Amino acid sequence: MRAPPRSTPVPNGFDVLYGETVLHMESRVAHVATTAGVIATALVLASIASGSSIPRIILAATLGFLAWYTCVVLLMRTGRFRPWMRYASSLVDVSMGTVVALLDLHVNGPVFALSAGGPALYAIGVAMATPRLQPRLCLFSGLAAASQLIIVVQFILRPAASPEALATGAYDFYVTLAKAIFLVTMGALGMVASGSMRSLLLRLTESAVERERVRGLLGMHVSEQVMEHLLSGRMPEGGERRAVTVCFTDIRGFTRLSESQPPEETLRLLNLYFGRMCEIVASHGGLVNKFLGDGMLIVFGAPTHQPDDARRALAAAREMLAEASRMREQGEFPDLRIGVGLHRGEAVVGNVGGAQRQEYTVIGDTVNTASRVQDLTKVLGRSLLLSRECREALGEGEDFEPLGAHGVKGRLQQLELFGVPEQDAWQAA
């Protein structure tokens, strides 16, 4: 299908989308026409059954119209419909006015043929071209209807009319020409309407393609959660303060590991490790905010509120530790051991950066404290540590080992920590 000329380039996939839309609209028109054909045929059959003297040729005309559009529907369903068939359908539509006028002439004479439904059907045939979204087709239908009207009235009905009928001026050429111009005008209006609808479809497609392009670019840098939050336009300027659970992870002995093997192998192992961990975090509704060398900053409770963010964080931490043990035992990542620190508190979440580049992140003392909790896993020889704030948010029903208060660098107040014994058993050498 050849699309109308464009002044601007169209996005990839537009021609396909436009072709599918046009075919869908053609299908709708064909179904309406088929329904009309069924009704008309049923009425003619009912008239004949009731003993009416209606000519059998009228039945043939309605059956022919129905048969054409039945074929069109079948061709669409089988994928054999071709663009030129739209013009054939439009010609059939407007020609029904000619057929009815000729039948009326045969049955009731030229006066009835001129004043009855035949000429009105030309306008219906022209109108049926507009939903097909083909501007040229609309103009074609208007011109075809106008031409047939002039031929029928001036060369068929006028010679058959009586002198009294001619004296009324109903068959005057200029009167007929005015009606023909009306039909052409209808076709031109349909052309404008179809062109406007096509332009609207183009703009909608451009908007959809641009949104998908932005989603694709964002998807390389942020999670699905952050991407949806950014695209929704609900991100307040300056960020928003909310309670979150922050999780820091770190691979033990990563510097020594990097020194002992080629960088390509180190990168392969990191990609494998991060891929597994990201899947686990996502399954628990967390956000991998950033990679920190061999570590990760993970947030639960942002960008959308999660009333059970602490419980989600603990479940994810346990599963990450279990997965690290499995990767080590199966030889996928030899000697892999990780430490995980959890802390809960208020932080500001939002965009940080300049005009050229911004990053969605979480900022505040809660983040710094979570990092210090993770650092203490090395000091205390633990795989998983929780702060008192995180422990309190978890409520009852969990078995934690109190490890006392510990001072950390850059913080005056000591941190009260808790451990999870079974996690250390999984991580034991």
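The values are calculated or read from the model by the stated rules, or taken from the named source; none is laboratory data. A quick note: this is a predicted structure, and the numbers were derived from the prediction, not measured. Cβ placement follows ideal geometry from the backbone for every residue including glycine, while neighbour counts extend to all protein chains displayed. Protein only, heavy atoms only, side chains kept; ligands, DNA and RNA dropped before computing areas. Shrake-Rupley method; radii C 1.70, N 1.55, O 1.52, S 1.80 Å.
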Inset, instruction - Would you check which residues across region 29-63 are of a type in the set (Gly, Ala, Ser) and surrounded by 16 or more Cβ atoms within 10 Å (Cβ to Cβ) and list them? - result: Ala30, Ala33, Ala36, Gly37, Ala40, Ala61
Legend entry - Unique residue being at pLDDT 90 or above and in contact with a His (Cβ under 7 Å, 6 or more places away or on another chain) when the list is Ala316, Ala310: Ala316
Legend entry - Pairs where the first residue, in region 383-408, is over 9 Å from Val420 (Cα atoms) and the second is aromatic (Phe, Trp, Tyr) and open to solvent by 50 Å² or more (accessible area, probe 1.4 Å), C-beta under 9 Å, 6+ apart: none
Legend entry - Boolean, Ala429 is modelled with pLDDT of 85 or more and of a type outside the set (D, E, K, R): no
Inset, instruction - Look through region 403-424, keep the residues that are at pLDDT below 80, within 14 Å of Ala370 (Cβ to Cβ) and not charged (D, E, K, R), and return whichever of them is surrounded by the fewest Cβ atoms within 10 Å (Cβ to Cβ). - result: Gly410
Legend entry - Tyr122, sole failed condition from (1) surrounded by fewer than 16 Cβ atoms within 10 Å (Cβ to Cβ); (2) not in a loop (DSSP other than H, G, I, E, B): (1)
Inset, instruction - Those residues that are open to solvent by less than 60 Å² (accessible area, probe 1.4 Å) and assigned to a loop (DSSP other than H, G, I, E, B), I need them from region 156-174; list them, please. - result: Ala161, Ser162, Gly169, Ala170, Tyr171
Inset, instruction - Go through region 384-400 residue by residue and tally those that are farther than 13 Å from Thr245 by Cα, at pLDDT 90 or above and more than 44 Å from the chain's Cα centre (by Cα). - result: 0
Legend entry - Of the criteria (1) more than 29 Å from His305 (Cβ to Cβ); (2) modelled with pLDDT under 90; (3) among the aliphatic types (A, V, I, L, M), which one Met327 fails: (2)
Inset, instruction - Please verify whether region 192-205 includes one or more residues that are open to solvent by 70 Å² or more (accessible area, probe 1.4 Å) and closer than 21 Å to Met96 by Cα. - result: no
Legend entry - Residues of region 284-315 satisfying the condition of being surrounded by fewer than 16 Cβ atoms within 10 Å (Cβ to Cβ), touching a helix residue (DSSP H, G or I) at 6+ places or on another chain (Cβ under 8 Å) and under 28 Å from Gly395 (Cα atoms): Thr304
Inset, instruction - Could you tell me whether Ile150 is modelled with pLDDT of 90 or more and either open to solvent by 60 Å² or more (accessible area, probe 1.4 Å) or touching a Pro at 6+ places or on another chain (Cβ under 8 Å) (or both)? - result: no
Inset, instruction - Determine which single condition Leu75 fails, assuming it passes every other condition in (1) without any contact (Cβ under 8 Å) to a residue 24 or more places away in the chain; (2) not in a helix (DSSP H, G or I). - result: (2)
Legend entry - Meets criteria (part of a loop (DSSP other than H, G, I, E, B), in contact (Cβ under 8 Å) with a residue 40 or more places away in the chain and open to solvent by 10 Å² or more (accessible area, probe 1.4 Å)) for Ala144: no
